[in-house]
Amino acid sequence: MPGKGTVSGLACVLAIANQKGGVGKTTTAINLAAAIALRKKKTLLIDLDPQSNASIAFFDAAEFQNSTYDIFSDHPIPLVDIIRPTKDPFLYVAPSRLALAKLEQQLAGQFDAPFKLKDALTPILHDYDYIVMDTPPALGIITVNALVSATHLLIPIQAAYFAIEGTDDLLETFGRIRSRPNPDLKILGVVITLFDKRTNISRDTHEQIRATFGDALFKTRISKNVRLEESPAYKETIFSFAPKSSGAEEYRKLALEVLQRVEEDRVTRHSQDAA
Ligand SMILES: Nc1ncnc2c1ncn2[C@@H]1O[C@H](COP(=O)(O)OP(=O)(O)O)[C@@H](O)[C@H]1O
Ligand SMILES: [Mg+2]
């Protein structure tokens, strides 16, 4: 069971979401969580995708019994019994299983369905500085649970044509969640992924994304880098696998921007509370 770290308050809970598949959600969740942990912030990565790509980047499925699926059952297993340590003493992972895919049907009609993850997180919010959640490529009940329990939303967008289409639905869901169950939810930022500076497509879409999201866009872009594709197969993050790669460099920079924005947001909220 993870002990208390350097934690000074309540965790920042970051949902990485975009209902499109293949846009770099999982790659961002893994390597952003790892980069934040490298800065000695106690970090928990929660895998909420039935595909388990983030989990498999750390453990073999045979290595763990409990998974995030067990959060949603009628007799939920506490998160502390699901969370596993990693090679990095500041990084912990709550792995997922394919069974999560059954949730949509299983939770249908349960009035508290959107709140199960939030309930599971409440007892551990003091134990971590950062909680990073990887979500499936859909706006179903799992992503809704992530948005209901998050403090911030981070949207990865692939530098490709039609990349922005579909974010309308995500932003609409965001708006609905903000209007009721989670009024404090904020968009922390939008990050461009799979960027290739040699192509017009990447440059055009960058402009389009900037025009659409303005200041929400992170300055750091994540370029295409084959090392990012390879590292999960070796059960490594980019920082142990290829620490000098552009992927490592860019995720380190993104983590700095994330930490800075969260800090600024805390100051703003604090002064609003005081006023
Ligand atoms: N910056 C990148 N450079 C190269 N390959 C990447 C990069 N980001 C993601 N990939 C690869 O693209 C595929 C989709 O990325 P992934 O993070 O799994 O997206 P999602 O979780 O949104 O489906 C994976 O094979 C991943 O390894
Ligand atoms: Mg994924």
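A short reminder: the numbers here are calculations on the coordinates, not readings from a lab. Every value quoted in this text rests on a predicted model; they were computed, and no experiment measured them. We place every Cβ from the backbone using ideal geometry, glycine too, and count neighbours over all the protein chains shown.
Order of 159-172, 53-66, 262-275 by packing, highest average Cβ count within 10 Å first? Each step should come with its number before you reach the end.
Values: 159-172: 15.4, 53-66: 17.0, 262-275: 10.6.
Ranking the peptides 159-172, 53-66, 262-275 by packing returns 53-66, 159-172, 262-275.
Assuming a ≥ b ≥ c are the square roots of the Cα gyration tensor eigenvalues, decide whether the chain counts as rounded (a/c under 1.5), prolate (otherwise, with a/b larger than b/c) or oblate. Kindly include the intermediate steps, with their values, before the conclusion.
On the way: a/c = 1.30, a/b = 1.17, b/c = 1.10.
Taking the square roots of the gyration eigenvalues as a ≥ b ≥ c, the chain is rounded.
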_Most to least packed among 177-187, 118-128 [average Cβ atoms within 10 Å]_ = 118-128, 177-187
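Rounded if a/c is under 1.5, else prolate if a/b beats b/c, else oblate: with a ≥ b ≥ c from the C-alpha gyration tensor eigenvalues square-rooted, which is the range 179-275?
Values: a/c = 2.51, a/b = 1.54, b/c = 1.63.
Here the range 179-275 falls in the oblate category.
Give me 149, 202 sorted ascending by neighbouring Cβ count inside 10 Å, so fewest comes first. Walk me through the numbers on the way to the answer.
Details: 149 25, 202 20.
Lowest count first: 202, 149.
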_Quick check on the exposure proxy: order 207, 250 from fewest to most C-beta atoms within 10 angstrom._
207, 250
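Net charge around residue 26, counting only other residues with Cβ within less than 9 Å of its Cβ (Lys, Arg = +1; Asp, Glu = -1)? Walk me through the intermediate numbers first.
On the way: positive: 25; negative: 47, 49, 134.
It works out to a net charge of -2.
Could you tell me which of the pairs 42/102; 20/186; 41/87 are separated by over 23 angstrom between their Cα atoms in the structure shown?
Values: 42/102 31 Å; 20/186 20 Å; 41/87 15 Å.
Pairs exceeding the cut-off: 42/102.
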_Difference of contour (0.36 nm per residue) and Cα-Cα distance, residue 171 to residue 208_ = 11.7 nm
